[in-house]
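All remarks here apply to the structure that follows.
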2 protein chains.
Amino acid sequence: MTIIDRKLREKQEMRSAILEAAKDLFAEDGFQNVSIRKIAEKIEYSPATIYLYFKDKDAILFDLHNEGFRKLFTHQRDRAKVKDPVQRLRGLLEGYLEFALDEPEYYDLMFMLFTPLPKVIKTAEWRFGRRAFRMLTKTVSECQALGLFKGTRTEAAALGLWSSVHGLASLLIRQRASMLPDNEQVAFAREALDMFNGHLLALPA
Amino acid sequence: MTIIDRKLREKQEMRSAILEAAKDLFAEDGFQNVSIRKIAEKIEYSPATIYLYFKDKDAILFDLHNEGFRKLFTHQRDRAKVKDPVQRLRGLLEGYLEFALDEPEYYDLMFMLFTPLPKVIKTAEWRFGRRAFRMLTKTVSECQALGLFKGTRTEAAALGLWSSVHGLASLLIRQRASMLPDNEQVAFAREALDMFNGHLLALPA
DNA sequence: ACCTTTAGTAAACAGTGTTCAGAAAGCCGT
DNA sequence: ACGGCTTTCTGAACACTGTTTACTAAAGGT
């Protein structure tokens, strides 16, 4: 009993080691520039070994992708508990942007990377994304009960709000906002988000 | 005179042929999956020949990138002429989203692709992006003169508006909005944009 | 006709993801 | 302690990738 127990644990440890190495290399060199061989070298095993633990390179990606969502949920946990839905929504949006800027590598791979991920996202595996979106729609729906987002379907409003912060995050991460001075981009992004919050989350008098 | 004229023309024709082939293949298979060899095969030349006309693969990318901006400017030309700045801004935002959804391949490579493009964007070569952003800030500034976007710096407001439509476009293109039914995603995106237009572009009474 | 410049290419280099036959190691029953 | 069995690992190969270099073939100028 203990022996196959240990084997299982070792198998899990190997998986973790690979993921850890992949994550570190990714943070340094960007995902495209991390090869299986480099990961193998880092964990001091042969490249072929990695394929005993992961179907292919995208499987590693997908595991990191899920870890990213776990991080995001942890990051947003407290904000999600706020009673007042308007304050909660505001906090969630600000927290989301914060997460994106704090963990650009994870954010990139969760919401911006191409690769075969889109195919996976279409499947049932894509639990986390749906869960996160449901959390948002629920809050938006509560806000609508208070009179916000009138004349807009809940899903459309949720998509719009999400898009705004995602837009800010992705333009900054992919360096498309370089017409603005480097050291001010984040400040401008925060100010833009404040603008949204001010106009969209203003309760009708 | 005519002879070096012809040589120059032939050189230009070759460049165009490469770009055309690259663009077609890109639209079919996605940029990452187009190899120099495939482009070479399509134009019936050896792979090495391509390097006589382009420094490297990214140079091809950058040319297509510029062509994309030309397309975008053409697309937005009429909308940019509208007198009323609020109506103009509304039109520009809607036109931008329309462009992104009509030409997802170009949009992808202009605003979402990673690669060494970000490095290039930092340089003076990045004329088009700055020009497009200036056009937007100018319109936003005129809107502010009418009382819109109070308490927000012009650049922040412009960044925010741009981010909103970019967010919608990029989530749809990278298939991150798949929690919404496929055939409704575009409708939801349009509705979200209408929501922004309604709330942000509502003139103070 | 000869020489120079240009255009094009085959072959190679170093890298990639992935597979597979076979070596090495660990576990088990005797 | 020893074979035999199973799991774990790897070297080598395959088919790709972007890119460079030495070379050939053609065209232009004189």
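Assorted remarks:
- Selection within the range B:171-205 - open to solvent by less than 40 Å² (accessible area, probe 1.4 Å) and in contact (Cβ under 8 Å) with a residue 60 or more places away in the chain: B:LEU172, B:ILE173, B:ARG174, B:ALA189, B:LEU193, B:PHE196, B:ASN197, B:LEU201
- Filter result for B:ASP78 (assigned by TED's automatic domain parsing to the domain that holds B:GLN175 and in contact with a Gly (Cβ under 9 Å, 6 or more places away or on another chain)): yes
- Odd one out for B:GLU105 among (1) open to solvent by 60 Å² or more (accessible area, probe 1.4 Å); (2) touching a residue at least 60 places away in the same chain (Cβ under 8 Å); (3) not in a helix (DSSP H, G or I): (3)
- Looking only at residues in the range A:20-41 that are within 15 Å of DNA strand D (Cβ to nearest atom) and modelled with pLDDT of 95 or more, the one that is nearest to the other protein chains (Cβ to nearest Cβ) is A:SER35.
- Pair list, Cβ under 6 Å, 6 or more apart: the range B:44-56 residue free of Cβ contacts under 8 Å to residues at least 12 places away in the same chain, other residue near DNA strand D (Cβ under 7 Å from one of its atoms) and open to solvent by less than 100 Å² (accessible area, probe 1.4 Å): B:PRO47/B:ILE36
- Note on the range A:1-25: residues that are within 14 Å of DNA strand C (Cβ to nearest atom) and either among the hydrophobic types (A, V, I, L, M, F, W, C) or farther than 30 Å from A:LEU109 by Cα (or both) amount to 13.
- Some residue of the range A:42-62 being within 14 Å of chain B (Cβ to nearest Cβ), away from DNA strand D (no atom under 16 Å from the Cβ) and at pLDDT 95 or above: no
- Remark: A:PHE73 matches the filter, which requires a residue to be more than 16 Å from DNA strand D (Cβ to nearest atom), at pLDDT 95 or above and either in contact with a strand residue (DSSP E or B) (Cβ under 9 Å, 6 or more places away or on another chain) or in a helix (DSSP H, G or I) (or both).
- Answer from A:THR139, A:THR152 - the residue that is buried (at least 21 other Cβ atoms within 10 Å of the Cβ) and more than 9 Å from chain B (Cβ to nearest Cβ): A:THR139
- Which listed residue, of B:ARG70, B:ARG37, is within 14 Å of DNA strand C (Cβ to nearest atom) and open to solvent by 60 Å² or more (accessible area, probe 1.4 Å): B:ARG37
- Boolean, B:PHE62 is crowded, with 19+ Cβ neighbours inside 10 Å, over 30 Å from B:PHE149 (Cβ atoms) and over 14 Å from the mean Cα position of the chain (by Cα): no
The values are calculated or read from the model by the stated rules, or taken from the named source; none is laboratory data. A quick note: this is a predicted structure, and the numbers were derived from the prediction, not measured. Quick reminder, even Gly has a Cβ in these numbers, built from the backbone with ideal geometry, and neighbours come from all protein chains shown. Keep in mind that these areas ignore ligands, DNA and RNA; they rest on the heavy atoms of the full protein, side chains included. Shrake-Rupley method; radii C 1.70, N 1.55, O 1.52, S 1.80 Å.
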